[in-house]
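One structure below.
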Amino acid sequence: MELLPVETLKTALIAGHLLGLAFGVGGALTLDIIAFRYFYLDRITPEKLVLFHFIARLVTVGLVILWITGLAFLWLYWQHQPELLGNPKVWAKVTIVVVLTVNGYFLHHKVFPILDRNLGRYLFYRVNVDEKAMMFTFSSISIISWGFPLVLGIARSLNFTTGVENILAFYFLMLASTCFVMLIIFKLFLEPFKRFVIDRPARQRIAPP
C-alpha cells in the first residue's frame with residue numbers, strides 16, 4: 001500500500017524543488033548585490049557581514065533542499081517511470097548541482113574568510129590578483145549554476161532531444177563567458193568609477209587644509 005499517491009508525491013517534490021531554487025537564486029543574487037554595494041563601494045561592517053552570512057546559510061538550505069528533492073525524483077522515476085531516467089536534462093541537472101555543491105564548499109572555505117579578514121575595510125583590501133580571480137570565478141559559477149536549472153526546467157523542448165554533452169557544453173560556455181565579462185566590467189568600469197567617484201572625493205574630504 002502506498003503512503004501517498006504518486007502524483008501527490010510528485011507535486012510535493014516539485015513544490016520543494018521550486019522552494020530550493022527560490023532560496024538559491026534569490027540568495028545568490030542578494031549576496032552579489034550586498035558584496036558590490038556594501039563591501040566593494042563601502043567598508044565591510046559587522047552588521048552587514050552578519051546579514052551576508054545569514055543569506056549564505058539560506059542558499060545552503062536551498063542547496064540541501066535541491067539534493068533531497070532531486071534524489072527523491074530519481075527514486076520516483078526509477079520506481080514508476082524508468083524511461084524518464086533516459087532524459088539527458090535530468091543528468092545535466094545532477095551535474096550542475098554537483099558543481100554548485102563543490103563551488104559552495106570553496107566559497108565558504110576560500111572566499112568568505114577574505115570577507116571576515118577585511119572587516120572594517122573595503123572588499124579588495126590587500127587582496128591579490130589570484131584571490132580576485134578566484135572570487136570572480138566562484139561568483140560567476142554560483143549565479144549561472146543557480147539560474148541554469150531553472151532555465152532547463154522551463155525548456156521542455158529539450159526533453160529527450162538534446163544530449164547531456166550539448167547541454168553541459170552550453171552551460172560551461174556560459175560560465176566562462178560570464179566570468180570573462182565580469183572581469184572586463186570590473187577592470188574597465190568599476191575600478192575607475194570607485195577610484196575617481198568614491199575614493200578620491202573621500203580622500204579630499206579628510207585631507208588637511
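The values are calculated or read from the model by the stated rules, or taken from the named source; none is laboratory data. This structure is a prediction, so every number in the text was calculated from the model and none was measured. In this analysis, Cβ positions are derived from the backbone assuming ideal geometry, glycine residues included, and neighbour counts consider all displayed protein chains.
Odds and ends about this structure:
- Screening the candidates PHE160, PHE172, PHE186 for the property of being within 21 Å of VAL102 (Cβ to Cβ) and either surrounded by 14 or more Cβ atoms within 10 Å (Cβ to Cβ) or at pLDDT 85 or above (or both) yields one hit, PHE172.
- Index of the failed condition, LEU41 passing every other in (1) under 27 Å from ARG126 (Cβ atoms); (2) at pLDDT 95 or above; (3) over 18 Å from the mean Cα position of the chain (by Cα); (4) not polar (S, T, N, Q): (2)
Residues checked against (1) under 30 Å from TRP91 (Cα atoms); (2) polar (S, T, N, Q):
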position: ASP32; (1), (2): yes, no
position: THR45; (1), (2): no, yes
position: VAL50; (1), (2): no, no
position: PHE54; (1), (2): no, no
position: VAL59; (1), (2): yes, no
position: LEU63; (1), (2): yes, no
position: GLY70; (1), (2): yes, no
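- Residue identified as more than 22 Å from LEU150 (Cβ to Cβ), hydrophobic (A, V, I, L, M, F, W, C) and in contact (Cβ under 8 Å) with a residue 60 or more places away in the chain among LEU41, LEU51, LEU13: LEU41
- Figure legend. Inter-residue proximity from segment 96-113: first residues exposed (fewer than 14 other Cβ atoms within 10 Å of the Cβ) and assigned to a helix (DSSP H, G or I), second residues of a type in the set (A, V, I, L, M) and modelled with pLDDT under 95, beta-carbon distance below 7 Å, spacing 6+ or different chains. Indicated pairs: LYS110/MET134.
- Conditions (1) touching a Phe, Trp or Tyr at 6+ places or on another chain (Cβ under 7 Å); (2) at pLDDT below 90; (3) of a type in the set (A, V, I, L, M); number of the one not met by LEU150: (1)
- Among the residues of segment 10-29, none qualifies, meaning not one is within 22 Å of ALA133 (Cα to Cα), at pLDDT below 90 and in contact with a helix residue (DSSP H, G or I) (Cβ under 6 Å, 6 or more places away or on another chain).
- Within segment 116-155, being within 25 Å of LEU66 (Cα to Cα) and among the β-branched types (Val, Ile, Thr) holds for THR137, ILE141, ILE143, ILE144, VAL151, ILE154.
- Residues of segment 143-170 that are part of a helix (DSSP H, G or I) and β-branched (Val, Ile, Thr): ILE143, ILE144, VAL151, ILE154, VAL164, ILE167.
- Cross-chain or 6+ apart pairs with Cβ under 8 Å, segment 60-89 first and part of a helix (DSSP H, G or I), then of a type in the set (Ser, Thr, Tyr): LEU63/THR101; TRP67/THR101; LEU84/TYR77; LEU85/TYR77; PRO88/THR162; LYS89/THR162
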